[in-house]
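To start, the structure itself, in structure tokens.
The values are calculated or read from the model by the stated rules, or taken from the named source; none is laboratory data. Computed from a predicted structure; not experimentally measured. All Cβ positions, even for glycine, are placed from backbone atoms using ideal geometry, and neighbour counts span all protein chains on display.
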Amino acid sequence: MRDTTDQARGGGVAGEVHLAVRDVSKSFGAVRVLHGVSFDVHRGEVLGILGPNGAGKTTLFNMISGDIRPSGGEIRLGNVPLKGEPPFRRCKMGIGRTYQIPRPYSGMTTFENLLVASTFGGGRSERDSYDFCAQVLEECELSGKANLRAGGLTLLDRKRLELARALASDPQLLLLDEIAGGLTDEESGDLVALVRRIRDRGVTIVWIEHVLHALLAVADGLMVLNFGEKIAEGAPDTVIADPDVKRVYMGIEG
Ligand SMILES: Nc1ncnc2c1ncn2[C@@H]1O[C@H](COP(=O)(O)OP(=O)(O)OP(=O)(O)O)[C@@H](O)[C@H]1O
């Protein structure tokens, strides 16, 4: 049985603010990486985050997941300030994430990787985890790979496993960091279909991605970062037509 209530895990009503980021900044020593970034993500929404290399996108995720602390500002899950909550608590509160470079336990099987995420990350009992992880494997089209060592999987399957591990903690807010990078068009199409299925279950998704067509296929809204500052936010069509975005992100002079 879970040791956290649905409310404590950020359970709530579709459409309400699920994640609130307010005036968040981060500096590493004298290097300012993010400055005064604010945005909301509504429950059930898919927000895509774009920005050139080094814009501060992953740093933002690291602060939401609790891997690093902001230098200033506030992050709230619903109405709950996340300040002071360590990553494992945030995971139990319903925040799941993937890493840009997949981080499976390579010596364990695919299924064992999910069990670890489900029991330690999601707080499920081992007994409950077996059925739950089998469902996640099926959803991520990894059932046939359940007993293979994670270290021997193809790139697509490693990306699927990275996503499956995040899902095994049963998140209500899922942070995806460049899961389509390096895949063929067909493979990234499969991944988009999977992200849509997860969204259709009501999971809120924030997706950092350079593969624009993958993001545009599923995002309800886009936000663009450049040199640590938000330069655009809104409906996908409006954002990609924005002259600043074209110049900065796509290298097109308007
Ligand atoms: N722990 C750290 N110490 C010092 N500098 C860091 C640290 N983490 C990130 N940075 C710097 O912060 C900046 C933003 O990095 P970040 O990884 O957030 O960018 P990004 O937008 O995710 O880029 P990419 O698209 O290449 O993944 C970079 O200049 C990076 O070198």
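Considering only residues that are over 24 Å from K92 (Cβ atoms) and among the small types (G, A, S), look in segment 36-71 and name the one that is farthest from the ligand (Cβ to nearest atom).
Residue satisfying both the conditions and the ranking: S38.
If you scan segment 40-65, which residues turn out to be touching a strand residue (DSSP E or B) at 6+ places or on another chain (Cβ under 8 Å), of a type outside the set (D, E, K, R) and under 19 Å from Q172 (Cα atoms)?
V41, H42, G44, V46, L47, G48, I49, L60, F61, M63, I64, S65
If you check T59, T109, which single one turns out to be of a type outside the set (G, A, S), under 18 Å from the mean Cα position of the chain (by Cα), surrounded by fewer than 22 Cβ atoms within 10 Å (Cβ to Cβ) and at pLDDT 95 or above?
Criteria check complete, one pass: T59.
Any residue at all in segment 136-144 that is surrounded by 22 or more Cβ atoms within 10 Å (Cβ to Cβ) and within 16 Å of the ligand (Cβ to nearest atom)?
Scanning segment 136-144, I find no residue that is surrounded by 22 or more Cβ atoms within 10 Å (Cβ to Cβ) and within 16 Å of the ligand (Cβ to nearest atom), so the answer is no.
Of the numbered conditions (1) within 15 Å of the chain's Cα centre (by Cα); (2) surrounded by 18 or more Cβ atoms within 10 Å (Cβ to Cβ); (3) free of Cβ contacts under 8 Å to residues at least 40 places away in the same chain, R196 satisfies every one except a single condition; which is it?
It fails just one condition, (2).
It is to be established whether one or more residues within segment 166-178 are surrounded by fewer than 17 Cβ atoms within 10 Å (Cβ to Cβ) and farther than 19 Å from L114 by Cα.
No, that holds for no residue.
Can you tell me which residue in segment 220-254 is surrounded by the fewest Cβ atoms within 10 Å (Cβ to Cβ), limited to those that are away from the ligand (no atom under 13 Å from the Cβ) and closer than 19 Å to G181 by Cα?
The qualifying residue surrounded by the fewest Cβ atoms within 10 Å (Cβ to Cβ) is M250.
Could you run through segment 213-251 and say how many residues are farther than 24 Å from A20 by Cα and outside any loop (DSSP other than H, G, I, E, B)?
Of the residues in segment 213-251, 8 are farther than 24 Å from A20 by Cα and outside any loop (DSSP other than H, G, I, E, B).
Being surrounded by fewer than 18 Cβ atoms within 10 Å (Cβ to Cβ) and of a type in the set (D, E, K, R) is the filter here; which residues of segment 200-219 pass it?
Within segment 200-219, D200, R201 meet the criteria.
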